[in-house]
Amino acid sequence: MKRNRPQPSESDLGKLTRLFKQGLFGEAEQLAVDLTARFPKHGFAWKVLGVIYLESNRLQAGLPLAKTAVDLLPDDAAVYNNLGNIYFRLERLDEAESNFRKALAIAPDYAKALFNLATLLRLDHRLEESENCCRRALATDPNYTNAHIALGCALELQARLSEARASYKAALTLSPDMAALHTDMLHLMSLDAGVTQEQLFAEHVAFGDHFEAPFRRQCREYVNTKDPSRQLRIGFVTGDLNNHALANYLEPLFHLLAQKSSLKLHIYYTKAIEDEVTRRFKANLPN
């Protein structure tokens, strides 16, 4: 007759779950280590411990923990997804892909595993497969912001710019405070021949209205002379006055502005790198 394996108490398991969900990873780790020592054949604590090591970027040490969770919980899609994430971060992409697909074999609509697989496939330039995984994830969870972003990336790399913009828009509708994503979308719009100057300008204004608004009350009143005929001093701060794509845009702009006697340019370069482009800026722009 088989003896029942000893089990952690419901109280301990509930406490471990609460600590993890509250982001108290230090306390959760201590409890998980204790539970794995006392109940080494119970998979849940190993599962939590593997995720904690992943989140704290202790990847090599976390790998055997995640593998143990897989051994003890072979029907749990999440443990394969967690192990896949560790392999992915270790740049062991074949093993990562295998584990994401094992997770999806158990739970075909598992949105997180679909998103992770989509990201891996995009980096491997399998763009149509990546797109398909994103669409499957969104069919399961239409409010999955990162899946909308991943879909936009896959579409952008296929030069389907208007579709990519729609995906980024959907992500921003769900998470409007993602400034970096909004910036990426503005850049995408600037490359899309189907976007008019008026649309691009309106989107820039909308960006400013959204992200500047919380700071407007902090703006101080300046005591400078309000004479509209005075020379206006304009300052630029950039680290890209070298052999960088942005310099190609800035150089003609600076030359045009420098020709206007009503303006005085002050350009602050923030890097120590100096190449032929940097020297050209120095030689051709007024001091």
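Values computed for the structure shown
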quantity: Enumeration of residues in the stretch 77-100 that are in contact with a helix residue (DSSP H, G or I) (Cβ under 7 Å, 6 or more places away or on another chain) and charged (D, E, K, R); calculated: 89, 95, 97
quantity: Residues satisfying the stated conditions in the stretch 206-239, i.e. surrounded by 12 or more Cβ atoms within 10 Å (Cβ to Cβ), in contact (Cβ under 8 Å) with a residue 12 or more places away in the chain and within 27 Å of the chain's Cα centre (by Cα); calculated: 207, 210, 211, 238, 239
quantity: Criterion: among the acidic types (Asp, Glu) and either open to solvent by 60 Å² or more (accessible area, probe 1.4 Å) or within 20 Å of residue 121 (Cβ to Cβ) (or both) - qualifying residue of 198, 203; calculated: 198
quantity: Candidates 141, 124, 109, filtered to the one that is out of contact with any helix residue (DSSP H, G or I) (no Cβ under 6 Å at 6 or more places or on another chain), open to solvent by 20 Å² or more (accessible area, probe 1.4 Å) and either modelled with pLDDT of 95 or more or within 30 Å of residue 191 (Cα to Cα) (or both); calculated: 124
quantity: Those helices (runs of 4 or more DSSP H) lying entirely in the stretch 57-110 with at least 2 residues of a type in the set (Ser, Thr, Tyr); calculated: 77-89
quantity: Condition met for residue 32 (over 21 Å from residue 102 (Cβ atoms), open to solvent by 20 Å² or more (accessible area, probe 1.4 Å) and not in a loop (DSSP other than H, G, I, E, B)); calculated: no
quantity: Members of the stretch 144-170 that are of a type in the set (A, V, I, L, M), in contact (Cβ under 8 Å) with a residue 24 or more places away in the chain and open to solvent by 50 Å² or more (accessible area, probe 1.4 Å); calculated: 157
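The values are calculated or read from the model by the stated rules, or taken from the named source; none is laboratory data. Note that the structure is predicted; figures quoted are calculated from it, not measured. Positions of Cβ are backbone-derived with ideal geometry, glycine not excepted, and every protein chain shown enters the neighbour counts. These accessible areas exclude ligands, DNA and RNA; they are computed on the full protein's heavy atoms, side chains included. Shrake-Rupley method; radii C 1.70, N 1.55, O 1.52, S 1.80 Å.
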